[in-house]
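Structure first, commentary second.
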Amino acid sequence: MLNNFKSLNIYIFLLPPFFNMKLKISSILNSTPEKIFSELQKPSLLREVASPILGLKPVDRQQFPKKWEIGKVYTFNLYLLMCLYIGKHSISIKKIDHTKNQMISNESGFLTKTWNHTISVDKHANLKSYYSDEVEIQAGILTIFIWLFANLFYRHRQKKWKKIAEQL
């Protein structure tokens with residue numbers, strides 16, 4: 001019986017990794033792309049739109065920086081529902097394009113090997129914005145579950161973004 005269990009473990013580790021999964025979720029926000037993109041560059045806004053589903057605290061115990069910086073890696077302690085610690089999460093800002101209103105980050109953490117995130121803010125009719133989150137996720141055998149969570153999480157984020165945009 002024990003030998004069968006050991007064989008099962010070996011087969012589980014020999015399974016090919018799951019493919020990357022992608023999602024794209026978009027919303028119309030009631031503010032100009034310039035105002036939305038300006039707010040997007042504030043790391044403190046990430047904390048606001050993520051809560052209460054996820055809580056982020058900088059590992060180095062410092063405050064959130066005032067603006068994201070290209071090339072810098074930010075590491076956070078990540079909490080599910082603001083209280084259940086689920087590991088560290090790193091965000092590396094790869095691109096901030098002011099002409100295209102686009103920000104790209106490569107992220108990873110305890111549960112996710114890859115969490116690449118592209119945020120785009122485009123002009124929409126009547127001084128509104130077309131806001132999109134595109135995410136590529138790879139988390140081994142957990143990929144499908146993390147992808148499902150991400151779908152819910154980004155819908156939550158965009159709902160919060162709609163409230164923020166109303167006040168800009």
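All of the numbers you see were taken from the coordinates with simple rules; none came from a lab. As the structure is a prediction and not an experimental result, all values here were calculated from the model. Cβ coordinates were reconstructed from backbone atoms using ideal geometry, including for glycine residues, and neighbour counts include every protein chain displayed.
Pair-distance distribution P(r) for the chain, from all Cα-Cα distances in 10 Å bins starting at 0: 10, 35, 33, 13, 6, 3, 1 percent. Of all aspartates and glutamates in the structure, the ones whose alpha carbon falls short of 17 Å from that of LYS128, not counting any fewer than 8 places away in one chain, are GLU34, GLU39, GLU166. Of the residues MET82, MET21, MET103, the one with the fewest other Cβ atoms within 10 Å heads the list, and the complete ranking is MET82, MET21, MET103.
For the chain, the membrane-span-like helices by this rule, meaning whole DSSP H stretches whose C-alpha atoms cover at least 24 Å of axis and whose Kyte-Doolittle mean is -1.0 or above, are 143-167; this says nothing about an actual membrane. Listed cross-link partners LYS66/LYS113; LYS35/LYS160; LYS113/LYS160; LYS22/LYS67; LYS88/LYS123 are compared with a 25 Å cut-off, the Cα-Cα value being larger for LYS66/LYS113; LYS113/LYS160; LYS22/LYS67; LYS88/LYS123.
With the simple model of a label 7 Å out from the Cα in the direction of the Cβ, LEU127 to THR99 spans 2.7 nm.
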